[in-house]
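Trainee: Below you'll find the structure I mean.
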Amino acid sequence: MRAETAIQQYRETARRWLEAHAATHGAPARRGLTPEQDLALGRAWMALKYDAGYSGINWPREHGGQGLGALEKLAFEEEEMKFGFPTDYFAVSLGMPVPIILRYLTGDWVLERARAALRGEEIWCQLFSEPSGGSDLAGLRLRATQDQATGDWRLDGQKLWTSYAQYCDYGILVARHDPTLLKHQGLTYFWVDMRAPGTTVRPIKLADGSDHVNEVFFDNVLVPDSQRLGPVGGGFKVALETLVIERHHASDPAGFGPALNLFVREAAAADVDGVPLLEDGRVRERIARNYALQNGLRAIQARNQLMLGLGMEPGPEGAVNKLVSARARQRLSEFVLDLRGAAGVTWEPSGRLDDWVRSWISAPTGRQAGGSDEMLLNTIAERILGLPQDHRPDKGVPFNQIPK
Amino acid sequence: MALIYDESQRQIAEECDRILKNAFSAPALKQLLEQSGAYDTGFWDICVSQGWPAIAVPEAAGGLGLGLSEQGIVAQACGKVVCGAPFLNTGYAVSEAIGRFGDAAAREKWLPALAAGEVKGIVALAEGRAPLPKAPAVRFEDGRLTGTKTAVPGGGAGDLAIVLAATCDGPALVLADLSGAETRRHLLPTFDNSRLAADMAFAGTPAQLLAADGIQAARTILCLLAVATAHEQVGGAEAVFASARAYALERYAFGQPLAAFQSIKHRLAENYTLIELARSNAQYAAHNVDDPHFARYAAAARIAATEAYDTASRDAMQVFGGLGGTWEADLHLHQRRARTLAVEIGNNLFWEDELVEELRRAC
């Protein structure tokens, strides 16, 4: 009980601090900025957090963090996301690549990288997905060839969907060093300098017009063997380690789209030829169903955080959040356009917090990124319900003999 | 009350499951389907001997002094075995109504008897299609009730009812003693006969006022009952889902278990998701029973639970193939109960409206 109150106090203090900076760094300040200006504001925001002691909240102090727990981190993130601060650029960087290099490397250099990443001065990307390996991560083909004389490596191939690569200084990467081995055994893991000669980043324009994901091409890029993390052939294991290194992410029951109360407010203020929208049973049903869904997710979240605070292992049901919130957000956003009538086609882009059109048009990406609906259903079925794996023709076969 | 069950709450859950598992008999439940006016007296005896009707009754009145979370835990266990009598949750609602709105005399007279299971409490608020009628046809005057409530759950055997009845000052919540000859019960043939739905004709039934603002009081009680029922629905959903999962693992087709087919895996994963959302909603509502927003949590719990139980029972029958629709496979016990619980205390149309009105007020 006392621990719960301490977290609450931490949250209150954080909220007051966040509120004080919302006007200068939050959603209102970002309106109308170019991507470059927005990134600059993001870097400034990260530096401000660093100086105020809100960086690396659950990282050890010796890594530049605050030495607090997952609960403080979650509390801060949940409050922070309500204001629309420009944090997206740094989420991957601080969530996976930097923690993993801190686990595998020691010394001043890596500590300096951590500090620079926390302050938003440097950004790291995660180069995992490829044209032939997304959900099927171990299907990747980018080749790493070792020079037998020097022990150093050359990278050749392509990565895909790399978030914010165009702004990144460094990255972590999994490559195939031996295609004659079994799929999962022929992989090796490196960190790379994104400015190394032969590296080309090409932004991909998405349906909503944004271009935060990229294709990254590697053409005979030299990577010293000192940049290898883990043993040769140990790449898949380090990749899995990377994916779970930050186990606790703040989730949003609204699927990182506008909040449901905005929908209620919009419906309450509008009518169709004199009939109030909020009197329409179809509108009411949507509101009620979405509320019940989001409240269920909030309940799961609250329970799991409580368990975390008590040192218990949270239940596996947190896994349903991304699945149900992303697709619910898609349908609700579609429905908002219906409610607006023919004028529903108008779009004046604003931020994530209140732009239903953007929420709708970017929803397909939201349902893929970080695990497609179908993969998530498989994960629930296999990991939680203990149902058999799908038929896997790639099992026990050398990578270069798997049917393509 | 807890968002995470504590040691004693977990013990209650385990104990309930253990006792009810031994008592569960599908043949007996199916026999009850084919007759009118009978309920599973063995089940009710277990409830009484275990002290379950006493759970939420204050200790001073002979109860256990526990709360909605514990009531929910027991209801969930009962839901798993498609319990053969409706009185545990309706009795809880009546106890709560007396505890919150009754005078000292009513509390002394009825609460110990309800806690001991000597008196079976039922809830008669609805009329026609309205769960909370603004202008009830049943009237309360000079301590007597007149008029008819239709399809009252448990009506075939209830001893004491809370009733929403018209007075000259608007609808009131009253407590009616059903033991005398003034009340006539007409049992209805239903698809879930052990619920004992009956039309109840009051012809001078003795009653006493509980709350003059009847709609508000009835709504409060209905929310409590909704959360208890949501737990029962979650229990039913869990049980029928477990049957589907087990069958999918054991039955082979095309040389592999059904559970290896993605269409089946995904169906079950979707069911799991709905059940977890419903379970968490129900638990959250029970935990927040004293919160100013309790009404919206209760409505959310009810909506999610109805969807989960309906879907899980529908999908389980699909997973079972042709066998699913047979009398022998027992799944129709859940199919029936899912729908019964869905309509008994206000359907989802009603709860969606309740929820939207709550949210509208807030914005």
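Trainee: Would you check if there is a residue in segment A:249-265 being acidic (Asp, Glu) and without any contact (Cβ under 8 Å) to a residue 60 or more places away in the chain? Lay out the reasoning, then the answer.
Mentor: Here is the first cut: in segment A:249-265, the residues acidic (Asp, Glu) are A:252.
Next cut, without any contact (Cβ under 8 Å) to a residue 60 or more places away in the chain only: none.
No, segment A:249-265 contains no residue that is acidic (Asp, Glu) and without any contact (Cβ under 8 Å) to a residue 60 or more places away in the chain.
Trainee: Let me ask something additional. Tell me, which residue of segment B:171-202 that is farther than 25 Å from B:Ser95 by Cβ and not hydrophobic (A, V, I, L, M, F, W, C) is most open to solvent (accessible area, probe 1.4 Å)?
Mentor: So the residue we want is B:Arg184.
Trainee: Inside segment A:195-210, can you point out the residues that are without any contact (Cβ under 8 Å) to a residue 40 or more places away in the chain and under 13 Å from A:Trp161 (Cα atoms)?
Mentor: Scanning segment A:195-210 gives A:Val201, A:Arg202, A:Pro203, A:Lys205.
Results for (1) open to solvent by 30 Å² or more (accessible area, probe 1.4 Å); (2) within 8 Å of chain A (Cβ to nearest Cβ); (3) out of contact with any helix residue (DSSP H, G or I) (no Cβ under 8 Å at 6 or more places or on another chain); (4) within 27 Å of A:Leu306 (Cα to Cα), shown as yes or no for each residue.
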{"residue": "B:Arg251", "(1), (2), (3), (4)": "yes, no, no, no"}
{"residue": "B:Ala259", "(1), (2), (3), (4)": "no, yes, no, no"}
{"residue": "B:Glu270", "(1), (2), (3), (4)": "yes, yes, no, yes"}
{"residue": "B:Tyr284", "(1), (2), (3), (4)": "yes, yes, no, yes"}
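Trainee: OK, next. Find the residue count for segment A:286-313, including only residues that are crowded, with 19+ Cβ neighbours inside 10 Å, more than 7 Å from every other protein chain (Cβ to nearest Cβ) and at pLDDT below 95.
Mentor: 3
Trainee: Anything in segment B:316-333 that is open to solvent by 20 Å² or more (accessible area, probe 1.4 Å) and assigned to a helix (DSSP H, G or I)? List them, or say none. Can you show your working first?
Mentor: We begin by selecting, within segment B:316-333, every residue open to solvent by 20 Å² or more (accessible area, probe 1.4 Å); these are B:317-318, B:320-323, B:325-330.
Once the filter is applied, which keeps residues that are open to solvent by 20 Å² or more (accessible area, probe 1.4 Å) and assigned to a helix (DSSP H, G or I), segment B:316-333 yields B:Met317, B:Gln318, B:Gly321, B:Gly322, B:Leu323, B:Gly325.
Trainee: Quick one: would you say B:Leu145 is open to solvent by 20 Å² or more (accessible area, probe 1.4 Å), assigned to a strand (DSSP E or B) and either of a type outside the set (S, T, N, Q) or farther than 25 Å from B:Gly42 by Cα (or both)? Step through it out loud before you land on a result.
Mentor: Values: open to solvent by 20 Å² or more (accessible area, probe 1.4 Å): no; assigned to a strand (DSSP E or B): yes; either of a type outside the set (S, T, N, Q) or farther than 25 Å from B:Gly42 by Cα (or both): yes.
No, not satisfied.
One line per residue, one yes/no per condition, for (1) open to solvent by less than 10 Å² (accessible area, probe 1.4 Å); (2) within 14 Å of chain A (Cβ to nearest Cβ); (3) within 17 Å of the chain's Cα centre (by Cα); (4) not aromatic (Phe, Trp, Tyr):
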position: B:Arg10; (1), (2), (3), (4): no, yes, no, yes
position: B:Arg18; (1), (2), (3), (4): no, no, no, yes
position: B:Phe24; (1), (2), (3), (4): no, no, no, no
position: B:Lys30; (1), (2), (3), (4): no, no, no, yes
position: B:Ala38; (1), (2), (3), (4): no, no, no, yes
position: B:Gly62; (1), (2), (3), (4): no, no, no, yes
position: B:Gln76; (1), (2), (3), (4): no, no, yes, yes
position: B:Glu96; (1), (2), (3), (4): no, no, yes, yes
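Trainee: Any residue at all in segment A:360-380 that is over 20 Å from the mean Cα position of the chain (by Cα) and open to solvent by 30 Å² or more (accessible area, probe 1.4 Å)?
Mentor: no
Trainee: Just the residues that are in a helix (DSSP H, G or I) and more than 9 Å from every other protein chain (Cβ to nearest Cβ), please, taken from segment A:268-285. Spell out the reasoning first.
Mentor: Of the residues in segment A:268-285, the ones in a helix (DSSP H, G or I) are A:268, A:277-279, A:281-285.
The answer is A:Leu277, A:Glu279, A:Arg282.
Trainee: Across segment B:286-301, what is the number of residues that are within 9 Å of chain A (Cβ to nearest Cβ) and touching a Leu at 6+ places or on another chain (Cβ under 9 Å)?
Mentor: Taking segment B:286-301 as the starting set, the residues that turn out to be within 9 Å of chain A (Cβ to nearest Cβ) are B:287, B:296-297, B:299-301.
Keeping just the survivors that are touching a Leu at 6+ places or on another chain (Cβ under 9 Å) gives B:287, B:296, B:299-300.
Final tally of qualifying residues: 4.
Trainee: Go through (1) assigned to a loop (DSSP other than H, G, I, E, B); (2) at positive phi one by one and return the number of the condition A:Asn220 breaks.
Mentor: (1)
Trainee: Would you mind listing the helices (runs of 4 or more DSSP H) fully within segment A:301-404 where at least 1 residues are within 30 Å of A:Asp178 (Cα to Cα) and of a type in the set (Val, Ile, Thr)?
Mentor: Numbers: elements: A:320-339, A:356-361, A:363-366, A:373-379.
Result: A:373-379.
Trainee: Just to be sure I understand the filter: pairs with C-beta atoms under 8 Å, separated by 6 or more residues or on different chains, first member in segment A:25-38 and surrounded by fewer than 12 Cβ atoms within 10 Å (Cβ to Cβ), second member not hydroxyl-bearing (Ser, Thr, Tyr). Which pairs pass?
Mentor: From segment A:25-38, the pairs are A:Arg31/A:Gly351.
Trainee: Now a separate question. Collect the residues in segment B:240-249 that are more than 11 Å from chain A (Cβ to nearest Cβ) and crowded, with 23+ Cβ neighbours inside 10 Å, keeping them in residue-number order.
Mentor: Selection gives B:Val240 alone.
Trainee: Within segment A:254-267, count every residue that is of a type outside the set (S, T, N, Q), open to solvent by 20 Å² or more (accessible area, probe 1.4 Å) and within 13 Å of chain B (Cβ to nearest Cβ). Let's see the steps before the verdict.
Mentor: Initially, segment A:254-267 is screened for residues of a type outside the set (S, T, N, Q), giving A:254-260, A:262-267.
Within this subset, residues satisfying the condition of being open to solvent by 20 Å² or more (accessible area, probe 1.4 Å) are A:256, A:259, A:262, A:265-266.
After this cut, where a residue has to be within 13 Å of chain B (Cβ to nearest Cβ) as well, the list is A:259, A:262, A:265-266.
Final tally of qualifying residues: 4.
Per-residue answers, yes or no, for (1) out of contact with any His (no Cβ under 9 Å at 6 or more places or on another chain); (2) assigned by TED's automatic domain parsing to the domain that holds B:Arg185; (3) in contact (Cβ under 8 Å) with a residue 40 or more places away in the chain:
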site	(1), (2), (3)
B:Glu15	yes, no, no
B:Ser36	yes, no, yes
B:Ile46	yes, no, no
B:Pro53	yes, no, yes
B:Val57	yes, no, yes
B:Gly65	yes, no, no
B:Gly72	no, no, yes
B:Gly84	yes, no, yes
B:Tyr92	yes, no, yes
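Every residue, every condition in (1) within 25 Å of A:Met46 (Cβ to Cβ); (2) in the same structural domain as A:Asp219 (by TED's automatic domain parsing), yes or no:
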{"site": "A:Val92", "(1), (2)": "yes, no"}
{"site": "A:Gly107", "(1), (2)": "yes, no"}
{"site": "A:Leu111", "(1), (2)": "yes, no"}
{"site": "A:Asp169", "(1), (2)": "yes, yes"}
{"site": "A:Arg176", "(1), (2)": "no, yes"}
{"site": "A:Pro179", "(1), (2)": "no, yes"}
{"site": "A:Gly198", "(1), (2)": "no, yes"}
{"site": "A:Val201", "(1), (2)": "yes, yes"}
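Trainee: Could you check, for segment B:182-200, whether at least one of its residues is β-branched (Val, Ile, Thr) and either over 21 Å from the mean Cα position of the chain (by Cα) or assigned by TED's automatic domain parsing to the domain that holds B:Gly102 (or both)?
Mentor: The initial filter retains those residues of segment B:182-200 that are β-branched (Val, Ile, Thr), namely B:183, B:190.
This time we only want the ones that are either over 21 Å from the mean Cα position of the chain (by Cα) or assigned by TED's automatic domain parsing to the domain that holds B:Gly102 (or both), so: B:183.
Scanning segment B:182-200 turns up at least one residue that is β-branched (Val, Ile, Thr) and either over 21 Å from the mean Cα position of the chain (by Cα) or assigned by TED's automatic domain parsing to the domain that holds B:Gly102 (or both).
Trainee: Taking A:Ser325 as meeting all but one of (1) within 10 Å of chain B (Cβ to nearest Cβ); (2) open to solvent by less than 40 Å² (accessible area, probe 1.4 Å); (3) touching a residue at least 12 places away in the same chain (Cβ under 8 Å); (4) within 15 Å of B:Leu274 (Cα to Cα), write down the number of the exception.
Mentor: (1)
Trainee: Just to be sure before I move on: is A:Leu187 within 23 Å of A:Leu105 (Cβ to Cβ) and either open to solvent by 10 Å² or more (accessible area, probe 1.4 Å) or out of contact with any helix residue (DSSP H, G or I) (no Cβ under 8 Å at 6 or more places or on another chain) (or both) in the structure I sent? Reasoning before the result, please.
Mentor: Numbers: within 23 Å of A:Leu105 (Cβ to Cβ): yes; either open to solvent by 10 Å² or more (accessible area, probe 1.4 Å) or out of contact with any helix residue (DSSP H, G or I) (no Cβ under 8 Å at 6 or more places or on another chain) (or both): no.
Against the criterion (within 23 Å of A:Leu105 (Cβ to Cβ) and either open to solvent by 10 Å² or more (accessible area, probe 1.4 Å) or out of contact with any helix residue (DSSP H, G or I) (no Cβ under 8 Å at 6 or more places or on another chain) (or both)), A:Leu187 does not qualify.
Trainee: Filter segment A:367-391 for residues that are modelled with pLDDT under 95 and within 7 Å of chain B (Cβ to nearest Cβ) and give the result.
Mentor: A:Asp390
Trainee: While we're here: Just the residues that are open to solvent by 60 Å² or more (accessible area, probe 1.4 Å) and touching a Ser or Thr at 6+ places or on another chain (Cβ under 9 Å), please, taken from segment A:157-184.
Mentor: The one that is open to solvent by 60 Å² or more (accessible area, probe 1.4 Å) and touching a Ser or Thr at 6+ places or on another chain (Cβ under 9 Å): A:Trp161.
The values are calculated or read from the model by the stated rules, or taken from the named source; none is laboratory data. Not measured: the values here are computed from a predicted model. Note that each Cβ is placed from the backbone with ideal geometry, even for glycine, and that neighbours are counted across all protein chains shown. When the accessible area is computed, the model is the full protein with side chains, heavy atoms only, and any ligands, DNA or RNA have been set aside. Shrake-Rupley method; radii C 1.70, N 1.55, O 1.52, S 1.80 Å.
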